[in-house]
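A quick write-up on the structure given underneath.
The values are calculated or read from the model by the stated rules, or taken from the named source; none is laboratory data. All figures in this text were calculated on a predicted structure; none of them were measured in a lab. Neighbour counts are summed over all protein chains in view; Cβ atoms, including those assigned to glycine, are modelled from backbone coordinates with ideal geometry. Please note that ligands, DNA and RNA were not included when accessible areas were found on the heavy atoms of the full protein model with its side chains. Shrake-Rupley method; radii C 1.70, N 1.55, O 1.52, S 1.80 Å.
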Amino acid sequence: IRHGILKLAALVSVFFLAVFLAFQLLEINMDFNLGNVFGEFATRLEHYKCGLSKPCPEGHFSFKMASGAASVVGPKICLEDNILMSGVKNNVGRGINIALVNGKTGDLIKTDHFDMWAGDVNTLITFLKTIEEGTVVMMATFDDSASKLNDESKKMIGELGSSSISTLGFRDNWIFVGGKGIKTKSPFEQHIKNHAETNKYEGWPEVLEMEGCIPQRQE
């Protein structure tokens, strides 16, 4: 037993000597590197609003959103670390899901969803007409969101800054952030077509995800 203990001690000594020599040869400052390791670990633990990969600059709202997955999992919309719409909150549904946000304060105004397969497009049009100047409009699709859309509804959504609404088709996935009174096309938009050869799910394309920083309305 004693011989075994001595052998183990010798092996441990050789190991630590090898490690020491390796650090010496590489001229590594252990204190510095340990500091880097712990600093990197702390950075990974740091939470940014809505789980963004990096924080937004001052004067911007952090957002992250996802479209629905096939007809199973509803879309999710997060702003400033607040979940505005999700399946867990039970306030999403088939069609176009919309969250309206105050462009100055970031406060939620209201949410709603509009069935564009079996619903009435006029309810969507009426809703769009109520949106006030300066409102941030966040939209995400779930299942089918295009079958009942007409030229009037597409034009109104296009005026909110959308570039893709005119080509939105049956079971396409689409996520969009625009605003009432926007002067240009929004940079926050993703659209993927429903196509049998490229669909991730049978009959539906893959889920779309998007994150970013929305400029806070100043005037």
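Some values worked out for this structure:
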| item | result |
| --- | --- |
| Among (1) open to solvent by 30 Å² or more (accessible area, probe 1.4 Å); (2) of a type in the set (S, T, N, Q); (3) assigned to a loop (DSSP other than H, G, I, E, B) - the single one N122 does not satisfy | (3) |
| Which numbered condition G134 misses (of (1) of a type in the set (G, A, S); (2) touching a residue at least 40 places away in the same chain (Cβ under 8 Å); (3) buried (at least 21 other Cβ atoms within 10 Å of the Cβ)) | (3) |
| Scan of region 150-190 for residues that are among the hydrophobic types (A, V, I, L, M, F, W, C), assigned to a loop (DSSP other than H, G, I, E, B) and open to solvent by 20 Å² or more (accessible area, probe 1.4 Å), ordered by number | F170, I182 |
| Residues of region 64-80 classified as on the phi > 0 side of the Ramachandran plot and touching a residue at least 60 places away in the same chain (Cβ under 8 Å), total | 1 |
| Hey, A146 touching a Leu at 6+ places or on another chain (Cβ under 6 Å) and either among the aliphatic types (A, V, I, L, M) or open to solvent by 50 Å² or more (accessible area, probe 1.4 Å) (or both) or not | yes |
| Among residues of region 69-83, those that are under 12 Å from the mean Cα position of the chain (by Cα) and open to solvent by less than 60 Å² (accessible area, probe 1.4 Å), counted | 5 |
| Close pairs from region 81-108: first more than 23 Å from K148 (Cα to Cα) and in contact (Cβ under 8 Å) with a residue 24 or more places away in the chain, partner surrounded by fewer than 23 Cβ atoms within 10 Å (Cβ to Cβ) and charged (D, E, K, R), Cβ under 8 Å, at least 6 apart | D81/K49; V101/D107; G103/R217; K104/R217; G106/E80 |
| Matching entry among E197, E206 (being part of a loop (DSSP other than H, G, I, E, B), modelled with pLDDT under 95 and over 30 Å from P55 (Cα atoms)) | E197 |
| Count of residues meeting criterion [in contact with a Phe, Trp or Tyr (Cβ under 9 Å, 6 or more places away or on another chain) and within 16 Å of F127 (Cβ to Cβ)] in region 154-167 | 4 |
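Here's the yes/no breakdown for (1) at pLDDT 95 or above; (2) more than 26 Å from M156 (Cα to Cα); (3) in contact with a Gly (Cβ under 6 Å, 6 or more places away or on another chain):
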site: E46; (1), (2), (3): no, yes, no
site: S67; (1), (2), (3): no, no, no
site: L79; (1), (2), (3): yes, no, no
site: T105; (1), (2), (3): yes, no, no
site: I109; (1), (2), (3): yes, no, no
